[in-house]
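FYI, it's all coordinate maths here, none of it is from the lab. Quick caveat: nothing in here was measured; it's all calculated off a predicted structure. Positions of Cβ are generated from backbone atoms using ideal geometry, with glycine treated the same way; all protein chains shown enter the neighbour counts.
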Amino acid sequence: MKLSFSAADEQFREEIAGWLRDNLCGEFEEIRFRGGPGDEHMYVEERKAWEARMHRGGWTCIGWPREYGGRAASIEQQVIFNEEYARAGGPGRMGHIGETLTGPTLIAFGSQEQKQRYLPGILRGEELWCQGYSEPNAGSDLANVKTRARFDEDSQQWQISGQKVWTSLAHESQYCFVLARTDPDSVGHKGLGFFLVAMDQPGVEVRPIEQLTGTSEFNEVFFDEAVCSAQDIVGLPGEGWKVAMGLLGFERGVSTLGQQMLFQNEFDEIIRVARENGAAQDPAIRQRIADAHVGLRIMRFNSMRMLSGGGDDGSLQKEAMIYKLYWATWHRNLGKLAMDILGAESEILDAGPYELNRLQSMYLFTRSDTIYGGTNQIQRNIIAERALGMPREPRG
């Protein structure tokens with residue numbers, strides 16, 4: 001694992017820092033430090049415009065190969081990019097699912113036709129994607145998906161029916177990658193397909209799910225014989241699990257650096273408030289701030305360690321399996337720290353509609369961190385069984 005940067009890397013740092021200084025201003029000044037977890041509903045159109053500005057500057061999809069429009073940036077350069085983006089107060093990315101999940105998955109597993117059709121829209125920041133994995137009975141147990149895909153010989157199209165849930169930004173997305181069962185008699189991880197589905201079509205219904213924060217950046221999505229062409233399955237029928245696991249490898253990969261950028265912004269805001277209201281004078285609070293800083297640094301170092309051994313197909317070292325459990329617990333504790341620094345008054349609001357400040361929204365959002373994307377309990381099973389090779393948990 002490399003923790004230092006070469007002269008060329010530092011020159012890259014100066015380039016991105018200078019571009020952000022010259023561009024994240026004026027019409028984009030108001031979106032600095034906005035759009036993170038619990039705040040994703042804010043400044044949506046402005047953040048879409050920011051995606052277009054980043055593309056024109058050559059700063060979208062920098063880790064992609066050059067042949068697909070990226071910069072082929074090294075891991076070190078991608079770390080630098082995220083560090084400088086955080087330092088400049090770059091807003092939460094509207095296109096992050098396409099850039100960090102869909103794109104790398106298509107580059108690794110997709111056909112040439114799929115790459116030509118879908119990658120340019122992601123690169124330009126014009127076509128947004130959402131993730132169709134979780135279902136009411138298939139959350140942490142992803143292999144229990146019931147959404148089905150049937151191939152219609154007459155139309156030469158796949159017809160997809162079922163329900164997905166917790167689908168972030170589905171209401172803003174043009175496309176969804178959907179894990180569905182191609183073999184109705186199959187169980188578990190067998191008999192699945194990975195589909196690229198247009199959201200703007202008959203047979204797709206998006207219903208917002210309102211959260212504790214009063215916002216609804218994620219949704220239920222219902223598919224009622226929604227269609228995609230025969231060319232819009234990634235891999236072969238029955239290979240969906242392999243593709244889905246590759247994508248989750250990318251989710252535990254470079255995209256973690258963008259997530260940590262948002263965490264750093266929240267942490268910096270907490271320190272600012274603590275200094276401003278005097279909470280930083282409390283030795284116990286100072287110790288908790290120090291612990292949070294150490295935890296964030298450990299998170300970064302482990303990310304660089306696991307990325308150093310990653311593959312182009314999303315495969316990662318075993319160290320990557322601790323990441324979700326670690327950051328979810330750390331972020332939940334950061335939310336508690338934020339509320340303790342804000343003081344007891346921050347826990348009481350007069351009446352609805354409630355207007356939450358940035359840290360109140362963050363605190364409420366963090367209550368879900370140890371649940372979505374695989375609960376802490378499931379994560380411990382994964383670490384035990386897949387990383388440590390321990391026997392599977394007995395099942396009834």
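Within region 223-250, which residues have the backbone N less than 20 Å from the label spot 7 Å out from Gln112 along Cα→beta-carbon, could you tell me? Only 230-236 fall inside the zone, counting backbone N under 20 Å.
A simple spin-label model places the labels of Glu210 and Val294 4.3 nm from each other, with each point 7 Å out along Cα-to-Cβ.
Nearest 20 debye, what's the magnitude of the dipole of region 252-387 about its Cα centre given +1 on Lys and Arg Cβ and -1 on Asp and Glu Cβ?
Details: 16 positive and 16 negative charges, 118 e Å.
Once rounded to the nearest 20, the dipole reads 560 debye.
Dipole size of the chain about its Cα centre, with +1 on Lys/Arg Cβ and -1 on Asp/Glu Cβ: approximately 1320 debye, rounded to the nearest 20.
Counting only alpha carbon atoms, the long axis of helix 283-308 and the longest principal axis of the chain meet at about 40°. Between Arg392 and Asp350, residue separation times 0.36 nm minus the direct Cα-Cα distance comes to 10.1 nm. Could you tell me how many degrees, from 0 to 90 and to the nearest 10, lie between the Cα long axis of helix 7-23 and the main elongation axis, the longest principal axis, of the Cα atoms of the chain? The angle comes out at about 80 degrees. Ranking Leu364, Tyr323, Tyr118 by Cα position along the charge dipole of the chain, where only Lys, Arg, Asp and Glu carry charges on their C-beta atoms, puts Tyr323 farthest toward the positive end.
Residues in region 176-205 near a label at Asp152, defined as backbone nitrogen under 15 Å from the 7 Å Cα→Cβ point? Within reach of a label on Asp152: 198, 201-204. Compared with the dominant Cα axis of the chain, that is its longest principal axis, helix 240-251 is turned about 10°. Which one, Tyr133, Ile160, Val227, is farthest towards the positive end of the dipole of the chain when Lys and Arg carry +1 and Asp and Glu -1 on their Cβ? So the residue we want is Tyr133.
Close amide H pairs (under 5 Å, H built 1.01 Å from N) link Ala226 with Ile160, residues at least 5 positions away or on another chain. Per-residue ellipticity at 222 nm from helix content only, as computed over the chain with -39500 (n - 2.57) for each DSSP H run of at least four residues, stands at -13000 deg cm²/dmol. The packing ranking of peptides 83-95, 4-16, 23-35, highest mean first, is 83-95, 23-35, 4-16, where packing means the average number of other beta carbon atoms within 10 angstrom of each residue. Which length gain, in nm to one decimal place, applies between Asp224 and Lys336 when the Cα-Cα distance is subtracted from 0.36 nm times their residue separation? Gain on extension, Asp224 to Lys336, equals 36.2 nm.
Note on region 129-237: with charges restricted to the Cβ of Lys and Arg (+1) and Asp and Glu (-1), its dipole about the Cα centre is near 300 debye.
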